[in-house]
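I'd like to ask you about the structure that follows.
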Amino acid sequence: MNTVTQSQATGSWWWLLRHELRLAWRGIGGKRIWFTIVFGGLIWAAMHYAAWALLHRANPAQGDYPLLALIIAGGMFWLLLSILLSQTMAHSVSALFDRGDLDLLLSSPLTPRAVFTVRGLGIAVSACLLPAFLLLPMAHIGPFVGWPGLFAIYPVVMVMGLISAAAGMLLTMSLVRWLGARRAKTAAQVLGAFIGAAFFLLAQSQNLLPRETRQALLNWGRQQAEEGGWFAADSLLWWPARAVFGDVLPLFVVTLAGIGGFWLVVNITYQRFILGSQESLAGGRTPVSASIGPVTFRSGLSQLVILKEWRMILRDPNVISQTLLQILYLIPAMFLGFRAATGILLVPVLVMIVAMLAGNLAWLMVAAEDAPELVGTAPVSLARIRWLKAATAVLPILALLLPLFLWWLLRDPYAAFALYFCCTGGALSAALCQVWNPRQGKRSDLKRRYKESRLVNLLELLGSFGWAGMAACMNGHWAWAPIALAGIAAGPGSAWLLGREARREGALA
């Protein structure tokens, strides 16, 4: 037949959904999609073997699952759900603010509710990819090793995508209603970063508590695991885990909750979606009063560069969320340092976190400069500006470590010296790789910077590992010092040698 059904016609909701899925597919691998498919396929095959090795030895009776199995499956469900919620909030922000196609869609023959529903389904499908990759090998192996109920993982994965998409859209739309489109963009990115790190922070928080408090929490957990408690085998908290194992009633309830929750959120928030879209298209800005007073210009190149760079970062919600996430991982390690009898064991971990954060900031300030031609033609040495940018990236991070340094200085001066010596070296090494081998990029590509400039970032990692290794050597393993020194020298040294042409091109810009 030459005719095309209405559901498949260009401009229909089904056509729009296929377009959303096509965009999500492109976002997985981009130009290297076949490499991603082959490499991911090999990993997935290995995961199927791991699933067989895990499941073939156990075959409990249907409905009779050990509490430990429920806790592991339920914990994985809630952990993945928190990660997916962080992702769906980021996707909701992109759908509302960053895609730039809402004016076209809202003026199309499709109803706004259909546009919002399709956009939400696209977010849900994208959210399903991670749990599907991790969990479906068990669904495929389960029926062959006596676990036929594990095939229920398929609908559970669908439910996880729908629930996380509904929750992410609801939170984003609520922020738009409370804060307005402009502020909601930043708030949603920051909240998504906190949610993404929530399980990590909770897992580390127990290490920060006194021993008596930890023992009391352990006793309370054991008590709640008994019959009638929060963590008992028959608790509603483990119904998602029972759904994974194929129990009919939990599977039905969880599936109904996912589909119903998504439908409810769509019908409640699509009007807010229209208003937020119009506000975002208008810029979400309030009129600026003409009586703002005289404009003052600051003097001093260093002060100007530092203020300019941090203002650019603070205005970018994506950058805020990604750097904030790294700081959230740094804070628990610092608190462990305040409690540790000797802090030297924590120094390699702190070095890697600090170096990665410094490398990201230095890349944003040096490689992702929004106006490189303007900076290149300024009546100031370009090399000096880049050094100031590197200092702007490194100094605030070292300032975060200052309280821990002072604390250790009173109790373990050697560990305090190792902390600041190695962390300063790691941060400077990462920043120098960006200064000595600058590669032009975009701020929006921060997540993909390791793919876009593989060589520079490999050298950056090499220097960071070298300084982390030096921290380990200072803990008494001096036999490995030559390897650590080789990494310290090879990372920024190779960046300097390989970046001569890039620096020359920047100087002529």
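Each reported figure results from applying straightforward, stated rules to the coordinates on display, with no laboratory input. Everything numeric in this text was worked out from a predicted model, so none of it was measured. Ideal geometry is used to build each Cβ from the backbone, glycine not excepted, and the neighbour counts take in all protein chains shown.
Give the peptides 407-418, 347-358 in descending order of average Cβ contacts within 10 Å, highest first.
Order by mean packing, descending: 347-358, 407-418.
Label-point separation (nm) for Y414 and L398, each offset 7 Å from Cα along Cα-to-Cβ?
2.4
By its C-alpha gyration tensor, with a ≥ b ≥ c as the square roots of the eigenvalues, how is segment 130-195 shaped: rounded for a/c under 1.5, else prolate for a/b larger than b/c, else oblate?
It comes out prolate by the Cα gyration axes.
If Lys and Arg each add +1 and Asp and Glu each add -1, what is the summed charge of the other residues whose beta carbon sits under 13 Å from the beta carbon of L191?
+2
Could you derive backbone 3J(HN,Hα) for segment 114-127 from the dihedral phi with the Karplus parameters 6.51, -1.76 and 1.60 (θ = phi - 60°), listing whole Hz in sequence and x where the residue is Gly or Pro?
Coupling constants for segment 114-127: 5, 4, 5, 5, 5, 4, x, 5, x, 5, 5, 5, 4, 5 Hz.
So, one more: Using R₀ = 60 Å, calculate the FRET efficiency as 1/(1 + (r/R₀)^6) where r is the Cβ-Cβ separation of F252 and L301; round to 0.05.
It comes to 0.35.
Kindly state, to the nearest 0.05, the FRET efficiency for S381 paired with S94, given R0 = 30 Å and r defined as their beta-carbon distance.
E(calc), rounded to 0.05, equals 0.20.
Can you work out the PRE-style zone for I331? Point 7 Å along Cα to Cβ, and I want the residues of segment 152-189 with backbone N under 15 Å.
none
For E226 and A45, calculate 0.36 nm times their separation in residues minus their Cα-Cα distance, and state this gained length in nm to one decimal.
Roughly 61.3 nm would be gained on extension.
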